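Read through the structure below, which is laid out as structure tokens, and then see the notes.
Computed from the coordinates by the stated procedures, all read-outs in this text should not be read as laboratory data. Source: prediction; values computed, not measured. Positions of Cβ are generated from backbone atoms using ideal geometry, with glycine treated the same way; all protein chains shown enter the neighbour counts.
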Amino acid sequence: MSHAVVIGGAGFIGSWVVKELLEQKYERVTVIDNLLSSERWNIPTDPRVEFILGSASDSNTLLRVKGKVESVFHLACFHGNQSSIANPLMDLENNLKPTLTVLDWVEKTHPNARVVYTGAGCAVAPKTWDTPTGVPEVDETPILHDSPYSISKITGEMYAKYFADRRGLDVVRVRFQNAYGPGEILGAGQWRGTEHTIWRNVVPTFIWKALHGQELVLHGDGEASRDFVYVKDLARGVLAASIKGKSGEVYNLASGQETTIKQLSQIILNFTTSASQIRLTERRDWDHSGRRFGDPRKSQNELGFVTEVALPQGIESTVNWARENLTRIAATMARHG
Ligand SMILES: NC(=O)c1ccc[n+]([C@@H]2O[C@H](COP(=O)([O-])OP(=O)(O)OC[C@H]3O[C@@H](n4cnc5c(N)ncnc54)[C@H](O)[C@@H]3O)[C@@H](O)[C@H]2O)c1
């Protein structure tokens with residue numbers, strides 16, 4: 001009986017991990033989510049999926065999981081950098097505390113389960129505007145971080161490694177770069193008091209604005225760069241890590257491709273056939289991540305993971321999904337007033 005628990009499984013990437021588990025014929029998938037930054041309709045509908053509404057920072061929520069558990073995928077977070085800057089205590093409650101609560105619960109109730117913790121590449125990437133090299137899987141981090149989100153993500157990795165190396169729990173870590181794809185719903189979840197709750201990440205924001213003829217605002221000269229990875233590729237990588245990853249180790253789920261925000265905006269304008277204008281504005285004062293991308297070699301060699309969806313292809317399917325779901329997305333955005 002294969003039973004996986006996906007914490008944060010209603011979220012953008014978590015829901016794709018659920019889909020991947022179902023495709024891989026898991027017999028039971030239990031989703032735990034408090035719907036803070038997600039919508040119930042994003043959870044795949046399937047008789048094998050059970051949904052538990054509640055916070056993973058409360059051990060009573062986790063204790064509602066019934067039966068033997070083989071794998072735990074932890075994807076809950078307080079989304080994302082800017083919301084965490086606005087509310088560091090909410091970040092602690094919904095980003096770092098769930099991580100420790102989940103590890104403690106697994107150790108006490110499912111000690112033989114494999115845990116996959118999802119880290120963030122931004123927390124370890126050097127802050128540079130010079131020509132970057134792919135960031136490898138370093139286990140070093142500066143004391144000074146750009147946001148409480150980044151602190152929670154890297155501290156979560158420290159707990160994951162501690163539980164693996166010092167307490168014998170079977171925990172593997174993956175590091176995401178910049179995920180994009182269908183299912184990232186603008187305005188999803190409950191209001192948390194900043195405009196960034198609506199706009200989330202650059203890809204869904206630019207697609208929405210391009211489809212509505214609104215200007216695309218690029219911070220700085222648009223030369224900041226990221227490593228964009230299509231969400232289905234990420235979900236495949238998460239499962240590969242759960243099967244082939246070594247406990248205590250960390251794996252980049254990266255494409256190794258650097259794309260500037262200016263290049264990204266052009267791709268989006270092409271696929272939306274939009275006449276939206278691009279406007280340059282000042283750099284974001286909190287964001288010191290200039291140019292970065294991940295080094296994919298370790299996950300290629302040890303997990304057999306390579307990204308399959310090229311950026312233009314992935315943007316095309318994300319634009320198609322956005323077009324098909326415009327009414328639903330408008331409704332989630334409108335809830336924020
Ligand atoms: N999206 C990216 O580009 C990116 C990059 C690096 C790392 N990550 C990591 O990937 C994971 C998934 O991110 P995402 O983009 O899908 O975000 P998301 O906001 O769509 O998903 C997070 C989910 O966690 C849920 N959640 C929040 N607090 C919770 C709590 N206390 N208990 C239970 N559930 C809770 C939210 O409701 C949401 O469904 C996160 O751990 C995030 O830090 C994402």
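What to note about this one:
- Equivalent-ellipsoid semi-axes for the range 245-325 (Cα gyration tensor, √(5λ), whole Å, largest first): 29, 20, 11.
- Sites residue 223 and residue 306 - FRET efficiency at Förster radius 30 Å, r taken between beta-carbons, to 0.05: 0.65
- Kirkwood-type radius of the chain, with distances r between different C-alpha atoms, in Å: 20.0 Å
- Sum of -39500 (n - 2.57) over DSSP H runs of 4+, divided by residues of the chain (222 nm, nearest 500): -11000 deg cm²/dmol
- All C-alpha pair distances within the range 128-234, sorted into 10 Å bins from zero, spread as 10, 30, 37, 18, 4, 0 percent across the bins.
- Gain upon complete extension [residue 130, residue 260; 0.36 nm per residue less C-alpha separation]: 45.5 nm
- Distance between the pseudo-spin-label points of residue 68 and residue 190 (7 Å out from Cα toward the beta carbon): 3.6 nm.
- Taken along the Cα-to-beta-carbon direction at a fixed 7 Å, the label points for residue 138 and residue 24 span 3.0 nm.
- Base-10 log of normalised Debye intensity for the range 184-293 (one unit scatterer per alpha-carbon) at q = 0.10, 0.13, 0.16 Å⁻¹: -0.38, -0.63, -0.89
- Three-way shape call for the range 97-183 based on the alpha-carbon gyration tensor, with the a/c threshold at 1.5: prolate
- Over the range 11-52: Kirkwood hydrodynamic radius from C-alpha pairwise inverse distances, Å: 10.4 Å
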